[in-house]
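See structure below.
Computed from the coordinates by the stated procedures, all read-outs in this text should not be read as laboratory data. Nothing here was measured: the structure is a model prediction, and the numbers come from that model. Because the Cβ atoms are built from the backbone with ideal geometry, glycine has one as well, and the counts that use them run over all protein chains shown.
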Amino acid sequence: MFTVAAYSATAATEPLAKTTIERRALAADDVLIDITYCGVCHSDVSHARSEWREETYPLVPGHEITGIVAEVGSGVTRYAVGDRVGVGCFVGSCGTCANCTAGEAQYCLRGITLTYGSIDANGERTQGGYSERIVVREDYVLRIPDGLAMDVAAPLLCAGITTYWPLRHHGTGPGKKVAIVGLGGLGHVAVKLAAAMGAEVSVLSHSAAKQDDAKRLGAAHYFVTSDPAVLPSLENTFDLVINTVSAPIDLDALLSTLALGGALANVGAPGQSMSINAWSLLRNRRSYTGSLIGSIQDHQDMLDFCAEKGVGAEIELIPVDRINEAFDRLLASDVRYRFVIDMATLG
């Protein structure tokens, strides 16, 4: 094993602080990555502060990682020293269950190994990308295409794949009308992706504050849903609605905006249950679905698409010693639209 510098949470109520952690020595199928950038996801805050479960500390967050290959194991065939690579939300799965063998390892029936906060196959607790270096099995490493900047690519490894998969799955393209609920860390990437796929994109937001941004990012229309007349005026309009909001929302009202056979895809993670009237689905043969992330192949397809279309996240680059400030600002929705840590500042 070897030691690297990192920023970690030591308790749910304590700020993150600089520390050192140990990384495993390379196995034959491992890739050692010098981390250049790491995005800051809302789930980093939730894990660091034990909001979803009681975490084990110290905990190093970060699952939107880009970097350069520094060393490869003797059996690695896909990557070489100097390659531009990325690591997303998970770094392991059982590989043998029905979902894994179907190419959907992100839904591993035995549970995926998260990039941080999980126990890996070696019995060690995983630690994430707020660190100098990381060791990851070759099968879970992604290639960052030439032409896609490493800093704006980092959030694509969570926010990008989270919204790309339902867009692709539901056939987004020319002639389709797609609505994105919420223009935040997920929503702004969803707008860019849907527009790049050729759809007519609308943004549904509770206020008019981000209207100019939405149009700049590729939205054709912007609707302020705090006006009670807006959603009824949009009944039977959209082929797909993607809800990125991690808060309770009126699902029946959103379902009413779907055209025949349309789908409402939920990618936000509210902390409480939401109800649906069955008639909201029965009318117009609508469907309500959810999506987590995508497979490793889906991740690579998304990165390749983004490189081809010039899609990257809108970011605010920060030094690592401002991570606690970034957490507070993220909770206050004071970022447009994703924080990314310049890991060169770790020193």
Reference-scaled alpha-carbon Rg (2.2 N^0.38 Å with N residues) for the chain: 0.99
Looking at the stretch 1-66, which trypsin sites (Lys or Arg not before Pro) are DSSP coil and have at most 15 other C-beta atoms within 10 Å of their C-beta? ARG24, ARG53
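What are the GluC sites (Glu not before Pro) within the stretch 118-217 that DSSP puts in a loop, where the Cβ has at most 15 other Cβ atoms within 10 Å? Write down the numbers at each step before the final one.
On the way: sites: GLU124, GLU132, GLU138, GLU200; in loops: GLU124, GLU132.
Within the stretch 118-217, the qualifying GluC sites (Glu not before Pro) (loop, at most 15 other Cβ atoms within 10 Å) are GLU124.
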I need the P(r) histogram for the stretch 159-290: all alpha carbon pairs, bin width 10 Å from 0 out to the longest distance, whole percents. 14, 49, 34, 3
Once the Cα atoms of helix 159-169 and of the chain are each reduced to a long axis, what angle between those two axes, in degrees from 0 to 90 to the nearest 10, is obtained? 50 degrees
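Cut-off is 10 Å between beta-carbons; in what order do MET343, MET150, MET197 appear when sorted fewest neighbours first? List each step's numbers first, then the result.
On the way: MET343 27, MET150 17, MET197 20.
Ordered by Cβ neighbours within 10 Å, fewest first: MET150, MET197, MET343.
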Hz values of 3J(HN,Hα) by residue in the stretch 174-180 - Karplus curve (6.51, -1.76, 1.60), Gly and Pro given as x: x, x, 9, 10, 10, 10, 10
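Ranked by Cβ crowding within 10 angstrom, fewest neighbours first, how are ILE35, ILE276 ordered? Write down the numbers at each step before the final one.
Details: ILE35 27, ILE276 15.
Placing the least packed residue first, the sequence is ILE276, ILE35.
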For the stretch 225-242, just list the computed ³J(HN,Hα) in residue order, Karplus coefficients 6.51, -1.76 and 1.60, θ = phi - 60°, integers in Hz, with x standing in for Gly and Pro. 7, 5, 7, x, 8, 5, 4, x, 6, 9, 4, 6, 9, 9, 7, 8, 10, 10
Only Cα pairs under 8 Å and at least 6 apart count here; give the relative contact order of the chain as a rounded whole percent. 17 percent
Check the straight Cα-Cα distances from LYS210 and name the aspartates and glutamates below 19 Å, setting aside those fewer than 8 residues away within the same chain. GLU200, ASP227, GLU314, GLU316, ASP334
Length-normalised contact order for the stretch 53-197 - Cα pairs under 8 Å, 6+ apart - percent: 24 percent
Using only alpha carbon pairs under 8 Å that are at least six residues apart, calculate the relative contact order of the stretch 159-290 and give it in whole percent. 21 percent
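Check each of the GluC sites (Glu not before Pro) in the stretch 1-87 and keep only those in coil by DSSP with at most 11 other C-beta atoms within 10 angstrom; list them in order.
On the way: sites: GLU22, GLU51, GLU54, GLU55, GLU64, GLU71; in loops: GLU51, GLU54, GLU55, GLU64.
Within the stretch 1-87, the qualifying GluC sites (Glu not before Pro) (loop, at most 11 other Cβ atoms within 10 Å) are GLU54.
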Using the 10 angstrom Cβ neighbour count as an exposure proxy, how do TRP52, TRP279, TRP165 rank, fewest first? TRP279, TRP52, TRP165
